[in-house]
Amino acid sequence: MDHPVYPYDWFNNETWAKSPKEMKLSWAIVKKDVLDGTTSKKWNDQETILKQYEAELQRKGAKNTTIRRRTGLEAVWDSMLYYTTNGERILQGKWDWTQTQTSYGSMVDVGAFGQGGLDVRFDAPGYSNPRLGVCPSR
């Protein structure tokens, strides 16, 4: 792999890409694939599905049921760490739509992790795509 992250530079001057608030030292359970039902949905519609998922976990008696989207940097970190540890690229054909907002007003998504690296891009909240979902974190 030539580049761990696609050789795009759109995010070099983005505040979120340099902010320590984007990465907090903590422990979380993160789904390594997008949650069923979250693709082909707009960002706000995905939020509704995440709330339903949280309620489902509560009904099942899970201990930690607070669900959230990862930040853009968390999604990059988790993907790269998983690859380094397990030699497996997660989100090869999909993107995780994060909670991080760009200076353009769009939301950062991370994925399409192939031979060329990990893709970091952005989409407007009103957009939908069959490969753009959410990897919930709790």
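The values are calculated or read from the model by the stated rules, or taken from the named source; none is laboratory data. Since we're looking at a predicted model, the values are computed, not measured. Using ideal geometry, Cβ is built from the backbone for each residue, glycine included, and neighbour counts are taken over all protein chains shown. The protein model used for the area step is the full one, side chains on, heavy atoms only, and it has no ligands, DNA or RNA in it. Shrake-Rupley method; radii C 1.70, N 1.55, O 1.52, S 1.80 Å.
By a 1.4 Å probe calculation restricted to protein chains, Thr84 has an accessible surface near 110 Å², given to the nearest 10.
Directionally averaged projected area (the stretch 49-138, Cα convex hull): 6.7 nm².
Full extension of the chain segment joining Asn86 with Thr66 gains 4.5 nm, where the gain is 0.36 nm per residue of separation less the Cα-Cα distance.
Of the accessible area of the chain, computed with a 1.4 Å probe over protein heavy atoms only, carbon and sulfur atoms account for 50 percent.
Given the DSSP H assignment, sum -39500 (n - 2.57) over each helix run of at least 4 residues in the chain and divide by its residue total; what's the result at 222 nm in deg cm²/dmol, nearest 500? Helices in the chain give a 222 nm mean residue ellipticity of -7500 deg cm²/dmol. In this simple spin-label approximation, Lys21 and Ser40 carry label points 7 Å from Cα along the Cα→Cβ vector, and these lie 3.7 nm apart.
Extending 7 Å from Cα along the Cβ direction at Gln52 and again at Ser128 yields two label points whose distance is 1.2 nm.
For the chain, the residue among Trp10, Thr102, Asn64 whose Cα projects farthest onto the positive side of the dipole built from Cβ charges is Asn64.
Compared with the dominant principal axis of the Cα atoms in the chain, helix 72-86 is inclined by about 80°. Within the full protein context, the accessible area of Leu91 is estimated at about 10 Å² for a probe radius of 1.4 Å. Measuring with a 1.4 angstrom probe and ignoring ligands and nucleic acids, Lys24 comes out at about 140 Å² accessible. Axis of helix 43-59 versus longest Cα principal axis of the chain: the two differ by about 50°, to the nearest ten degrees.
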